[in-house]
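Reviewing the structure listed below.
Taken together, the values in this text are just the output of simple stated rules run on the coordinates, not laboratory data. Since this is a predicted model, take the numbers as computed values, not measurements. For neighbour counting, all protein chains shown are included, and Cβ atoms are generated from backbone atoms with ideal geometry for every residue, glycine included.
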Amino acid sequence: MTTQTPIKPDIAVAPVEHFIDGAYTPGAGERFETLNPATNRAITTVAAGTAEDIDRAVRAARRAFDEGPWPRMTARERGVYLRRVGDLIMTYADELARLETLDSGVPLKQTSTALIPRAAENFYFFAEEARRLREAIYPVEGEFLNYTTRYPVGVAGLITPWNAPFMLETWKIAPCLAAGDTCVLKPAEWSPLSANFLGRIMQEAGLPEGVFNVVQGVGEVAGAALVAHPGVQLISFTGETSTGQEIMRNAATTLKRTSMELGGKSPIVVFPDADLDRALDAAVFGVYSLNGERCTASSRLILHASIYDDFTARLTERVKRIRMGDPFDLATEVGPLIHPTHKERVLGYLEIGRQEGARLAAGGDSIPGPGNYVEPTLFLDVRNDMRIAQEEIFGPVLTVIPFSDEAEAVRIANDVRYGLAAYVWTNDIKRGHRVASSLQSGMVWVNSQNVRDLRTPFGGAKDSGIGREGGEHSFHFYSETRTIHVALGEHRITKFGA
Ligand code: NAD
């Protein structure tokens, strides 16, 4: 295999500041370093946002909402800006993909061909979707006409994780702005670079000042201050379930509307009648892409006993051949994990899997030397009550659990606290639909890898989240519904005091 390294990873990156009221601005607090996951050397320093920085950003967003043009524009007018943002993301796509790979360790092949173009698509899509929204009419027997309209809510706090950062940030920013809200983004502290670049894009797109703001920094400080701020009406959060619980508790004091996209431990169920070659491709890609740091990762393979030996033999071969290495090498399939702390956490689970008695068929260790490299790992003969089958590892680790009949497959798939995604492979059309509708999961794919149409609702069941975003569902969150009741005739009004 010939490999090529087209871009030097040691890009010089300027110190990262906050972006408030249309300008980059130094923070009131200390600074921290963001690390290159492939070397663990510092890339640059980042302003650690304080409650004071959050307050400045929320005031700017508030002003832009209360006094500025943004919420008063038509969806069509806002769409012009949003499409410009999409175009600028594509103009800077190479630079953005390199920054994202440098900061997150996700291979350049995946950032450049999938994550960055999807971020542009988020803006193109929601620019259009905002104009396609339909409202409800309730005619009341000729007496009244009741109907609904939507209006922007106010200032949104957007809090995002470090996996696929740019794609997930834009998944919130685009519908938020399309709905006419203004926002303060608090990106994850382990991946601040691409969000930082967005400020420049918003400036070039000519967005009115204060509509889009970024405060960098640590979750417990900057994130918590954003959640507590009385000037913020909405919190859209993506991250760990325990953080989501904490945010909901804190948001209750100021009665914020919250959207929670949380953790996952998603099953992929493979029946013997499936197209096993494609099921194998999907099972491998579904868990090892994005370095396994993927909320919808198919991390529990539930495999029929009659195909277990053959399928796992082929699976083991494939996992052993996955190319792990320099994320800037275009042949690399799995890169380093985001951070040394996360690497230790994933390695901890590999040890737990060994102790629980699962059979280690591939990987199982880290790679000596710099960087947070953990081998693509495969555990066979896993029991569903093992911790490695129940807890979100968020790394390149697949657990395989055998089953003997459909009812058992469904029971195992559902016997977990999470319910984000699920995947079913069978060529029996009745079984495909039947199993899909038995799974306690926000999203199910049948004979498919995780391909998403942005119109469909995205979100999790059980401990994987509350609420749905995507398509019109994003606007249910980012806008307020108003019901207007119009009397068409002379309905009876009781005359008190007459
Ligand atoms: P995390 O919960 O540690 O952090 C997410 C964000 O929350 C960060 O910006 C962090 O700074 C901030 N934060 C932390 N504590 C906070 C607090 N008290 N108040 C306000 N903000 C706070 O998650 P992570 O480790 O960055 O991301 C990985 C997790 O995200 C995994 O569980 C993964 O499944 C989940 N995830 C879910 C989806 C989805 O759509 N359901 C998508 C991607 C990732």
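Structural remarks
- Scanning segment 131-162 for residues that are free of Cβ contacts under 8 Å to residues at least 60 places away in the same chain and among the small types (G, A, S) yields a count of 1.
- Residue match in segment 292-306 (condition: under 19 Å from A274 (Cβ atoms) and surrounded by fewer than 18 Cβ atoms within 10 Å (Cβ to Cβ)): yes
- Failed criterion for M386 (all others in (1) among the hydrophobic types (A, V, I, L, M, F, W, C); (2) away from the ligand (no atom under 16 Å from the Cβ); (3) closer than 30 Å to A97 by Cα hold): (3)
- Selection from segment 328-361 of residues that are assigned to a loop (DSSP other than H, G, I, E, B) and either of a type in the set (A, V, I, L, M, F, W, C) or within 14 Å of V400 (Cα to Cα) (or both): F328, L330, A331, L337, I338, G357, A358
- Flag: A422 does not match the condition of being small (G, A, S) and farther than 23 Å from A164 by Cβ.
- V184 meets the conditions (1) within 15 Å of the ligand (Cβ to nearest atom); (2) in a loop (DSSP other than H, G, I, E, B) in every case but one. The failed one is (2).
- Checked against (1) at positive phi; (2) in contact with a Ser or Thr (Cβ under 6 Å, 6 or more places away or on another chain), V397 meets all criteria but (1).
- Cβ pairs under 8 Å, 6+ apart, first in segment 257-280 and under 15 Å from L439 (Cα atoms), second part of a helix (DSSP H, G or I) and aromatic (F, W, Y): V270/F311
- Of all the numbered requirements in (1) surrounded by fewer than 19 Cβ atoms within 10 Å (Cβ to Cβ); (2) among the β-branched types (V, I, T); (3) under 16 Å from the mean Cα position of the chain (by Cα), V218 misses one, and that requirement is (3).
- L337 meets the stated requirement of being under 25 Å from L115 (Cα atoms) and in contact (Cβ under 8 Å) with a residue 12 or more places away in the chain.
- From E293, E317, residue being touching a Phe, Trp or Tyr at 6+ places or on another chain (Cβ under 9 Å) and of a type in the set (D, E): E293
- Residue count, segment 119-138 (criterion: surrounded by fewer than 19 Cβ atoms within 10 Å (Cβ to Cβ) and farther than 12 Å from E472 by Cα): 4
- Residue in segment 280-301 that is of a type in the set (K, R), under 19 Å from V451 (Cα atoms) and touching a Pro at 6+ places or on another chain (Cβ under 6 Å) present: yes
- Odd one out for E209, checked against (1) within 8 Å of the ligand (Cβ to nearest atom); (2) assigned to a loop (DSSP other than H, G, I, E, B); (3) of a type in the set (D, E): (1)
- Flag: E490 matches the condition of being more than 16 Å from the ligand (Cβ to nearest atom) and over 29 Å from E392 (Cα atoms).
- Checked against (1) in contact (Cβ under 8 Å) with a residue 60 or more places away in the chain; (2) more than 17 Å from M202 (Cα to Cα), A57 passes all but condition (2).
- Candidate set: segment 367-380, residues that are crowded, with 16+ Cβ neighbours inside 10 Å and out of contact with any Ser or Thr (no Cβ under 9 Å at 6 or more places or on another chain); chosen: the one farthest from H304 (Cα to Cα): P376
- Cβ separations smaller than 6 Å between residues 6+ apart or across chains give the following pairs from segment 295-311 residues that are without any contact (Cβ under 8 Å) to a residue 40 or more places away in the chain to residues that are surrounded by fewer than 21 Cβ atoms within 10 Å (Cβ to Cβ) and not charged (D, E, K, R): S306/P272; I307/P272.
- Strands (runs of 3 or more DSSP E) contained in segment 110-166 and holding at least 3 residues away from the ligand (no atom under 16 Å from the Cβ): 137-140, 144-152
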